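In what follows, a single structure is set out as structure tokens and then discussed.
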Amino acid sequence: MFKLSDPFDYENDYNYSQINPISFWDEVAKKYVHWDKMYDKIYSSDGMYPDWFKGGELNTCYNVLDKNVKNPVKRDQNALIYECPFIKKTIKLTYFQLYEKVCEFSRVLLNLNISKNDTVLIFMANTLEPIIALLSCARIGATFSTLFDGYPVRSLIDRIDKLTPKLIITSNYGILNDEIITFTPNLKDAIQLSTFKPNHVITHFRNNEDIESNDSSIETIPIIPNTLDWDKEIQKIKDNNQKPFYEYVPVESNHPLSIYFSSGTTGNCKAIVRSNGGNLVGLVYSWFSCISKKDETVYFSHSSIGWISFHLGLFGSLVLGNTMVMFEGDIMKPIHYEHYLWETVEKHKINTFLTSPKTIRFLIKNDPDANKIKSKYDLSSLVSIWTSGEVIEQSIPEYIESKIKCRSSNLYGQTESGCALLFDYKRINSKQFKTLFKPTPFLKPLIFSEDGIELPENQVGEVAFKLPLPPSFATTFYKNELLYKKMFNKFPGYYNSGDLGFKNENDYYGIVSRADDQIKIGGFDVLLNDIETSILKHPLVLECCSIGIYHQDLANVPIGLLVLNQQQPDNSPSSSSSSSSSSSSSSSSSSSSSSSSSSSSSALSLSLIDIKNQINEIIENDIGFYSELTKIIFVPQLPKTKTGKIPRQIISKFLNEPNYQLKDSTCDREVFYSIKELYEK
């Protein structure tokens, strides 16, 4: 007879979940979640629409705050730590302090007649206030949606009209390193232009004490008409002798907790609805099994409040009584990899954090033995570094484990899943550092051909997962049922991930790319990710993107967009810039906006022909001659979605289709235009 493992034992839990999946999730739900009304049925479904924990009632805020406050060991432990080294500011909130602030703001929401049937839109800086706001929404049963701080007016209009929020909560400004980013100007315009109008807007007015500046720019930030003041609304409660809302509102298990928007790498953002019960049960198990094996874990998130990874870290940490360190600013610039990231790890004795593979690539090329890091910072607290969001090359886990000297971990999940679908819970051997995964307990992945035939071992095909899916999976796409159903139509009885992968002879799975990131060159099917993995082996390349350009005879030919490493090695090839201009590739020297970029200035001293030949030699050895780049372009940066992903499909359409128009909501539009200018030279 099986029992849920503690400490985590993969083999036990996986076998348990396969033999008796209903009992498995029943035990998870009862062990980790407080139910105000116990569910009548663990699972029922008509196929793609599962109903987990039917009849049950709970409150997500109670489960992540009140439970810890009632625990004398946890009550005065730090729940959240806000860190912004750019203004030299640290704020710590214990579980009890966070609880008090959430209960106060919950009363503010109730005073504005916000209830469980309402949606609240949160468009704020990466501070503690948006966390207080979203937990307050959860406490009173309202549904919240958080937006990335870089949203332009057109995107905000779309979100307002789609979500019809009764209340919008915003900040007057945020801090992006040495810059001030404003929120209210775009939101003010969006509300004026949107069809739907919210009943109220609350603005958190940060004062200029937060920044080291003598100018009066903060005072000139536009204010939204009739906006309520965050601090004054809280003070109003005290002036009226109202008590904070220490009660909470139990909601049905399938009541929507939140609506998240996907990254939009293909150009279409999905509004993903996450339930209260299923989300909490699925997330707590995924967090316990993948990230946090102990309740004193200190987790560091440098994600934006608008990213799904931030919320997984937030709720995963709090429900298990961990401490989460959050960060305001852009740590994802190379100059900060060697300083602020590791300074934060040392200062707060971080145990684990999730980062982009780009961070590790930079370190590999600028601190190959990690001597700079290890000589400056005490990293003895660091147990693991997680990478996610893209397929990683072999050098990344090798560097983390052999140089930084902590565990390298990688997980595969999607915004739709709300949990890890696959994760590398155990290394196989040193030759298999390019991540191979085991499925998270309960999941059953299969590899299908395009026409729905299950493929044998080591053949690349489309990755699908047998229904039912974990409780944390999206219950639907908000106001887009057709798009939701599309994920299940291609392979009946399975969820189509949209990714390509394979299964090896030991039942380990590998993810190789998005299905749409495979191109045909002549008679060969080529994965763009494989080309990029080869390009990144060149010592001068920090980041890259490969796309297919339409070709009359070959269908496609690959080109490479290259961001060069800031520090050019002494033995790197160089020549006069005139030799660059004579090649079939383009130089970034023509971009006026990039003349100050160190990667661009490096490009001026390099022969593009030499670089291209060296890269193509690597590609030929790794893949084959047919995958060689026909053109390389040095660019100061690559466009990214709001979650930091490279939108290859959009780049490809923008360069291939003369009449293709970028959507108003597309992030980094100016980067697209810069790349197109370089491409057409």
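Values in this text are rule-based calculations from the coordinates and carry no lab data. These figures come from a predicted structure and were not determined experimentally. Here Cβ is always computed from backbone atoms with ideal geometry, including for glycine, and neighbour counts include all displayed protein chains.
Numbers for the structure displayed
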{"quantity": "Nearest-0.05 FRET efficiency for K520 and K197, computed from C-beta distance (R0 51 Å)", "calculated": "0.55"}
{"quantity": "More than 43 angstrom apart: percent of Cα pairs within the chain", "calculated": "23"}
{"quantity": "Selection from Y660, P185, H204, by position along the positive dipole direction of the chain (Cβ)", "calculated": "H204"}
{"quantity": "Sorted by Cβ density within 10 Å, fewest first, the residues L4, L228, L65", "calculated": "L228, L4, L65"}
{"quantity": "For the chain, with +1 on Lys and Arg beta carbons and -1 on Asp and Glu, the positive-most of N172, I140, G418 along the dipole", "calculated": "I140"}
{"quantity": "Partner aspartates and glutamates for K101 [C-alpha distance under 17 Å; skip if fewer than 8 residues away on the same chain]", "calculated": "D66, D76, E129, D229, D231, E233, D239, E247"}
{"quantity": "Crossing angle, helix 357-366 versus the chain [Cα axis fit, 0-90 degrees, rounded to tens]", "calculated": "50"}
{"quantity": "Cα long-axis angle, helix 128-140 against the chain (0 to 90 degrees, to the nearest 10)", "calculated": "50"}
{"quantity": "Amide H within-cut-off set for G498, under 5 Å, with H built and near neighbours excluded", "calculated": "V463"}
{"quantity": "Shape of region 50-143, Cα gyration tensor, a/c cut at 1.5", "calculated": "oblate"}
{"quantity": "Overall form of region 444-514 per C-alpha gyration tensor (a/c, 1.5; a/b vs b/c)", "calculated": "prolate"}
{"quantity": "Subset of K54/K166; K653/K676; K89/K347; K67/K347 violating a 18 Å alpha-carbon distance limit", "calculated": "K54/K166; K67/K347"}
{"quantity": "Reachable aspartates and glutamates, given that their alpha-carbon falls under 20 Å from the alpha-carbon of K162 and they are not under 8 places away in the same chain", "calculated": "D118, D149, D189, E416, E481, D664"}
{"quantity": "In Hz, Karplus ³J(HN,Hα) per residue of region 555-562 (6.51, -1.76, 1.60; θ = phi - 60°; x = Gly, Pro)", "calculated": "6, 9, 10, x, 10, x, 9, 10"}
{"quantity": "Burial ordering of S388, S417, S262, fewest other beta-carbon atoms within 10 Å first", "calculated": "S388, S262, S417"}
{"quantity": "Gain in span if fully extended, N621 to R669, counting 0.36 nm per residue against the direct Cα distance", "calculated": "13.7 nm"}
{"quantity": "Interchain or long-range residues, amide H under 5 Å from V635's placed H", "calculated": "L562, V563, L564"}
{"quantity": "Anisotropy class of region 336-389 from Cα gyration tensor, a/c 1.5 cut", "calculated": "oblate"}
{"quantity": "Residue order, fewest to most beta carbons within 10 Å, for W52, W25", "calculated": "W25, W52"}
{"quantity": "Antiparallel bridge percentage (DSSP; both residues within the chain; nearest 5)", "calculated": "60"}
